[in-house]
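Have a look at the structure below, then the notes.
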Amino acid sequence: MDFILPLVDALSYILILVLIALGLMIVFGMMGVINMAHGELFMIGAYVMVVCQNSGLPFLAGLIIAPLFVGLLGLIIESLLIRHIYLRPLDTILATWGLSIALKQLIVLWFGPESQSIASPVDSMVTLGTFSYPAYRLLVMGAAILLIGGTFWTFLKTDFGLQARAVIARPDTAATLGINTRHLYRWSFVIGTALAGLAGALIAPTISVDPQMGLGYLIPGFLSILVGGAGPLAGVLAGGAAVGGTNSLLTVWISPVAAQIAVFLLAILVIRMRPEGLLGGKK
């Protein structure tokens, strides 16, 4: 039974990483915007939970407020900044990198540099024989599966998703056919940022909430997209499983630093052998 706990931990990390990378995939893989501030939007979602907890609001209220607040922030960012630099990847890197620094410093000014903690809404353990696991982590895994499935359904099965994919693949043709490309770009960006905020709120009780927390998920998120492939939406699943699974399982046997080095080597190998990613060649 000793092997079950590392496997469940790996699955938990993979699902969280996919949920975070999914917002990146929508913004980067589907819209061509390299959002270096995605980790800070994830961080802000966690800090919204801190504010809700300090205000005495129930945990569920925080889960509702966090994506709404971060989605609104994403709408403001898209309107004031991102809309002016679409189709200019290098400019998006510089602009969103500067934005990430500004957001991080605002958090430091407001909350201070010290870490914050969020009380878990469920303290019980789930026990099966000799195996025990925190119930809240299992709830987070279930919520991540539902959110990932809902996002895939939105972009693959709805009219909005069909139009969004048409705009992403052939923006000029889509505009000629009467599709409001400006509207779809805006709301795709908002969905991506709201997912980041919700992910931060969900994970907040399981980690230390501090101004540097976003970077720890931003880099694995981008690696997941590069390894899986930035073309198909399903690429984030393959990339998240490869990056998250490798990092989590190797940490059991070697140091976390060595595990991260192994993940980078894996990413380099995959990108060298398949520049389009594991699923990048599939339509």
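Within region 249-283, the set of residues being part of a helix (DSSP H, G or I) and within 22 Å of ILE26 (Cβ to Cβ) comprises ALA267, VAL270, ILE271.
Suppose we keep only residues that are among the β-branched types (Val, Ile, Thr), part of a helix (DSSP H, G or I) and free of Cβ contacts under 8 Å to residues at least 24 places away in the same chain within region 140-173. Which one would you say is surrounded by the fewest Cβ atoms within 10 Å (Cβ to Cβ)? Give the derivation first.
Taking region 140-173 as the starting set, the residues that turn out to be among the β-branched types (Val, Ile, Thr) are 140, 145, 148, 151, 154, 158, 167-168, 173.
Adding the requirement that they be part of a helix (DSSP H, G or I) leaves 140, 145, 148, 151, 154, 167-168, 173.
Going one step further and asking which of them are free of Cβ contacts under 8 Å to residues at least 24 places away in the same chain, we end up with 167, 173.
Values: VAL167: 24, THR173: 11.
Looking at the filtered set, the residue picked out is THR173.
Any residue at all in region 92-99 that is over 13 Å from HIS38 (Cα atoms), surrounded by 13 or more Cβ atoms within 10 Å (Cβ to Cβ) and either touching a residue at least 24 places away in the same chain (Cβ under 8 Å) or more than 22 Å from the chain's Cα centre (by Cα) (or both)?
If we filter region 92-99 for residues that are over 13 Å from HIS38 (Cα atoms), which is where we start, we get 94.
Still in the list and also surrounded by 13 or more Cβ atoms within 10 Å (Cβ to Cβ): 94.
Still in the list and also either touching a residue at least 24 places away in the same chain (Cβ under 8 Å) or more than 22 Å from the chain's Cα centre (by Cα) (or both): none.
No: region 92-99 contains no residue that is over 13 Å from HIS38 (Cα atoms), surrounded by 13 or more Cβ atoms within 10 Å (Cβ to Cβ) and either touching a residue at least 24 places away in the same chain (Cβ under 8 Å) or more than 22 Å from the chain's Cα centre (by Cα) (or both).
Considering (1) among the hydroxyl-bearing types (Ser, Thr, Tyr); (2) modelled with pLDDT under 85; (3) closer than 30 Å to SER12 by Cα, the lone condition that THR176 does not fulfil carries the number (3).
Looking only at region 250-264, count how many residues are touching a residue at least 40 places away in the same chain (Cβ under 8 Å) and either surrounded by fewer than 16 Cβ atoms within 10 Å (Cβ to Cβ) or among the small types (Gly, Ala, Ser) (or both). Walk me through it before giving the result.
Taking region 250-264 and keeping what is touching a residue at least 40 places away in the same chain (Cβ under 8 Å), we get 252, 263-264.
Within this subset, residues satisfying the condition of being either surrounded by fewer than 16 Cβ atoms within 10 Å (Cβ to Cβ) or among the small types (Gly, Ala, Ser) (or both) are 252, 264.
Matching residues across region 250-264 total 2.
Annotation: of all residues in region 216-248 being in contact with a Ser or Thr (Cβ under 9 Å, 6 or more places away or on another chain) and among the β-branched types (Val, Ile, Thr), the one that is farthest from LEU24 (Cα to Cα) is VAL243.
Quick grid of which residues meet (1) within 21 Å of ALA241 (Cα to Cα); (2) surrounded by 17 or more Cβ atoms within 10 Å (Cβ to Cβ); (3) basic (Lys, Arg); (4) in contact (Cβ under 8 Å) with a residue 24 or more places away in the chain:
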| site | (1), (2), (3), (4) |
| --- | --- |
| THR127 | no, no, no, no |
| ALA175 | no, no, no, no |
| ARG182 | no, no, yes, yes |
| ALA199 | yes, yes, no, yes |
| LEU215 | yes, no, no, yes |
| SER224 | yes, yes, no, yes |
| GLY229 | yes, yes, no, yes |
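Among the residues of region 1-47, those identified as surrounded by 23 or more Cβ atoms within 10 Å (Cβ to Cβ), closer than 23 Å to SER117 by Cβ and either of a type in the set (Lys, Arg) or over 12 Å from the mean Cα position of the chain (by Cα) (or both) are ILE44, ALA46, TYR47.
For SER132, indicate whether it is outside any helix (DSSP H, G or I), over 21 Å from LEU60 (Cβ atoms) and at pLDDT below 90.
Working: outside any helix (DSSP H, G or I): yes; over 21 Å from LEU60 (Cβ atoms): yes; at pLDDT below 90: yes.
Considered against the rule, which asks whether it is outside any helix (DSSP H, G or I), over 21 Å from LEU60 (Cβ atoms) and at pLDDT below 90, SER132 comes out as yes.
Quick check, is LEU80 buried (at least 24 other Cβ atoms within 10 Å of the Cβ) and at negative phi? It is false that LEU80 is buried (at least 24 other Cβ atoms within 10 Å of the Cβ) and at negative phi.
Among the residues of region 1-50, the one identified as closer than 30 Å to GLY129 by Cα, assigned to a loop (DSSP other than H, G, I, E, B) and in contact with a Phe, Trp or Tyr (Cβ under 6 Å, 6 or more places away or on another chain) is MET1. Given the criteria modelled with pLDDT under 85 and of a type outside the set (Val, Ile, Thr), does GLN163 qualify? For GLN163, the condition - modelled with pLDDT under 85 and of a type outside the set (Val, Ile, Thr) - is met.
Only one of GLY240, GLY245 is crowded, with 22+ Cβ neighbours inside 10 Å and touching a residue at least 24 places away in the same chain (Cβ under 8 Å). Can you tell me which?
GLY240
The values are calculated or read from the model by the stated rules, or taken from the named source; none is laboratory data. Quantities reported herein were computed from a predicted structural model and do not represent experimental measurements. All Cβ positions, glycine included, derive from the backbone under ideal geometry; neighbour counts span all protein chains shown.
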